[in-house]
Amino acid sequence: QAALVGFSNEVDTCLLTMARRGLGAETSIDKFKKVGCKPFLLAFILFVWLIGGGYLMAKYLAPLIG
């Protein structure tokens, strides 16, 4: 199980690094100005949703499983 967790962390780090690199390669302030605030608002709402959902799952669902 520890080997699987280690492998999963390595894959996660690799994919996250590639995604960050891909975003940074073609990002400019002008592109942010063009899209406006709606995508950033959506990203913030999704962030809150995921943090809240993760917390609730860890608090209430994890004890039922483990």
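The values are calculated or read from the model by the stated rules, or taken from the named source; none is laboratory data. None of these values were measured; they are calculated from a predicted model. When the accessible area is computed, the model is the full protein with side chains, heavy atoms only, and any ligands, DNA or RNA have been set aside. Shrake-Rupley method; radii C 1.70, N 1.55, O 1.52, S 1.80 Å.
Some notes on this structure:
- Candidates are the residues of region 30-66 that are open to solvent by 80 Å² or more (accessible area, probe 1.4 Å) and not in a helix (DSSP H, G or I); the one that is modelled with the highest pLDDT is Cys37.
- Residues in region 10-22 that are over 14 Å from the mean Cα position of the chain (by Cα) and open to solvent by 90 Å² or more (accessible area, probe 1.4 Å): 2 in all.
- Here Thr27 clears all of (1) open to solvent by less than 100 Å² (accessible area, probe 1.4 Å); (2) in a helix (DSSP H, G or I) except the condition numbered (2).
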